[in-house]
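Data first, discussion second: the structure below is written as structure tokens.
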Amino acid sequence: MPATTEHDRPNTTFEDFKLIAAIVKRATSEIDSLAHVDTFGLIMDVDFTHARYPLQLRELLNADAGNFGHDITGIYANFNRQTYELDNCFVPRYSVPDDTPLNTDGDYATTETECAEHYRLNCGTCN
């Protein structure tokens, strides 16, 4: 995927933006470590992450607390605002990489086991 520059803007639909805003609202109300973060900054982090690594936004919004917390705190901790990349080989569980195989139910991999397999296959240099 080509590098995103500071002049590029995510092509976020209005529906996507409403979901991102709801995700951030949930995150800042449920996750203690995010209670006092810059809400607009976190919206932008999630928005740019979604533009770069498409997220299953509705599924993320409705995720259980553990998976939701993993993705949002991971994005917050690993989104690099200079490179617009996720550092430390972080892969959100609710991301939809081009090469993510479907699970046996025909859905994208979102369970811990499926994510671990995706991580092993696609990010083997980070251990």
task: Would you mind calculating the gained length between residue 96 and residue 36 on full extension (0.36 nm times residue separation, minus the Cα-Cα distance), in nm to one decimal?
output: 18.7 nm
statement: One computes Rg over Rh for segment 14-96 from alpha-carbon atoms, with the Kirkwood Rh, and obtains 0.91
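Any read-out appearing in this document is the output of simple, stated calculations on the displayed coordinates, not a laboratory observation. Everything quoted here is computed from the prediction, not taken from an experiment.
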